[in-house]
Amino acid sequence: MAEAMLVVLRNALDEQLERGVRRVINDAVKKPSLCRESGVKALLFNIMKGYTSRFHSKVDRVLQLLTSEAIYPVDDKLTK
């Protein structure tokens, strides 16, 4: 299942990629577990990892998402 999600997110348009990354992170925050956290980290790493020691073309977009305020509202909802 994780490999299928990896392929889907790598081939997704920017809007779909944002929704996918947000959903994966939301799920990990809502139901925290070591296994889920490790899975999210591995998924995000593999989306960005390319072949032959190079980054995948989605690396810029994924890093922008992870450092943008688009992901931060997840934390705001939990603290209210």
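With a/c under 1.5 counting as rounded, go ahead and sort the stretch 19-59 into rounded, prolate or oblate using the C-alpha gyration tensor (a ≥ b ≥ c being the square roots of the eigenvalues; past the cut-off, prolate if a/b is larger than b/c, else oblate). Walk me through the numbers before you get to the answer.
Working: a/c = 5.68, a/b = 1.99, b/c = 2.85.
Oblate, since a/c reaches 1.5 and b/c is not below a/b.
For the chain, what relative contact order do you get, as a whole percent, if you take Cα pairs closer than 8 Å and at least 6 residues apart? Write out the running numbers ahead of the final one.
Working: 41 pairs, mean separation 23.0, N = 80.
Relative contact order for the chain comes out at 29 percent.
If you take the charge dipole of the stretch 2-79 about its Cα centre, with +1 on Lys and Arg Cβ and -1 on Asp and Glu Cβ, which of 68, 52, 28 is farthest toward its positive end?
Farthest towards the positive end: 52.
Take the Cα of residue 14, step 7 Å along the line toward its Cβ, and report every residue of the stretch 28-69 whose backbone nitrogen sits under 19 Å from that point.
In the stretch 28-69, the label zone of residue 14 (backbone N under 19 Å from the point 7 Å along Cα→Cβ) covers 48, 56-69.
Mind listing P(r) for the stretch 2-79? All alpha-carbon pairs, 5 Å bins, whole percents.
Reading upward from the zero bin: 3, 15, 26, 26, 18, 8, 2, 1, 0.
At 0.36 nm per residue, minus the direct Cα-Cα distance, what do residue 26 and residue 51 gain on full extension? Give it in nm, one decimal, please.
Details: separation 25, 0.36 × 25 = 9.00 nm, distance 2.84 nm.
This chain segment gains 6.2 nm when fully extended.
For the stretch 13-67, state which chymotrypsin sites (Phe, Trp or Tyr not before Pro) are in a DSSP loop and have at most 13 other beta carbons lying within 10 Å of their beta carbon. If you can, show how the numbers build up before the last one.
Numbers: sites: 45, 51, 55; in loops: 51.
The qualifying sites are 51.
For the chain, what is the calculated [θ] at 222 nm in deg cm²/dmol (nearest 500), taking -39500 (n - 2.57) for each run of four or more DSSP H residues and dividing by its residue count? Can you show the working numbers first?
Values: 5 runs with 57 residues, N = 80.
Roughly -22000 deg cm²/dmol at 222 nm, from the helical runs in the chain.
Each reported figure results from applying straightforward, stated rules to the coordinates on display, with no laboratory input. Because the structure is a prediction, the values reported are computed rather than measured. All Cβ positions, even for glycine, are placed from backbone atoms using ideal geometry, and neighbour counts span all protein chains on display.
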